[in-house]
1. Take the residues in the stretch 74-94 that are at pLDDT 90 or above and in a loop (DSSP other than H, G, I, E, B), then tell me which one is surrounded by the most Cβ atoms within 10 Å (Cβ to Cβ).
2. Pairs please, first residue from the stretch 10-31 and among the basic types (K, R), second anywhere and part of a loop (DSSP other than H, G, I, E, B) and modelled with pLDDT of 75 or more, Cβ atoms under 8 Å, 6+ apart in sequence or on different chains.
3. May I ask you to list the residues in the stretch 29-75 that are closer than 30 Å to P118 by Cα and either in contact with a Cys (Cβ under 9 Å, 6 or more places away or on another chain) or hydroxyl-bearing (S, T, Y) (or both)?
4. What about A61, is it outside any loop (DSSP other than H, G, I, E, B) and at pLDDT 80 or above?
5. Within the stretch 95-119, take every residue that is closer than 22 Å to P41 by Cα and among the hydroxyl-bearing types (S, T, Y) and give me the one that is surrounded by the most Cβ atoms within 10 Å (Cβ to Cβ).
6. Among the residues of the stretch 21-50, write down those that are under 23 Å from G83 (Cα atoms) and touching a helix residue (DSSP H, G or I) at 6+ places or on another chain (Cβ under 8 Å).
7. Residue under question is L133, and the condition is that it be at pLDDT below 70 and either among the charged types (D, E, K, R) or farther than 20 Å from P32 by Cα (or both); does it hold?
8. May I ask you to list the residues in the stretch 49-102 that are of a type in the set (S, T, Y) and under 18 Å from the mean Cα position of the chain (by Cα)?
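The values are calculated or read from the model by the stated rules, or taken from the named source; none is laboratory data. Bear in mind the structure is a predicted one, so any value in this text is a computation, not a measurement. Neighbour counts are summed over all protein chains in view; Cβ atoms, including those assigned to glycine, are modelled from backbone coordinates with ideal geometry.
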Amino acid sequence: MSSPASVARVDGSSSLESVSAVLRRCLTRGLPLDPLPPPHPATLDPSVPHAPVRTPGLNVAEKRLAVRNALRYFPSSLHAVLGPEFAQELEQEGHIYMRRFQPMADYEMMAYPIQCYPAVLPEARAYVHSAWLSHLL
């Protein structure tokens, strides 16, 4: 794993200040909804570890509820586009990953020093930092 100081950034810099600026820009911009990002490719990148396919054993009503629960985070104008996509993910992978919104990061996926994460409270930085660490394990 490379250190934060050795990771090249979009702007060509590798200082902690530039890492902090890139993370702040990427982590605070929210989900892209207008326009929606393109659908995720049908095949997953084999160079990246993926969760195994789950077999949740949901009945039809429970699957509908799962899709409805996922859609509640999006404007109703997007439900017709995202609903079938989420239902397909649930059917094929046993879980709704919302892969269309998988980050296309401007930075290497790794745990950065805690002071690089944008937050008002140190506790919030610790939460984001631990989420990234658990993602890498």
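1. Filtering the stretch 74-94 for residues that are at pLDDT 90 or above and in a loop (DSSP other than H, G, I, E, B), the one surrounded by the most Cβ atoms within 10 Å (Cβ to Cβ) comes out as F74.
2. Short answer, once both residue conditions are applied: R24/P118.
3. Passing the criteria: S47, Y73.
4. Working: outside any loop (DSSP other than H, G, I, E, B): yes; at pLDDT 80 or above: yes.
Against the criterion (outside any loop (DSSP other than H, G, I, E, B) and at pLDDT 80 or above), A61 qualifies.
5. The residue in question is Y107.
6. L31, P32, L33, L36, P37, P38, P39, H40
7. In short, yes.
8. Those that are of a type in the set (S, T, Y) and under 18 Å from the mean Cα position of the chain (by Cα): Y73, Y97.
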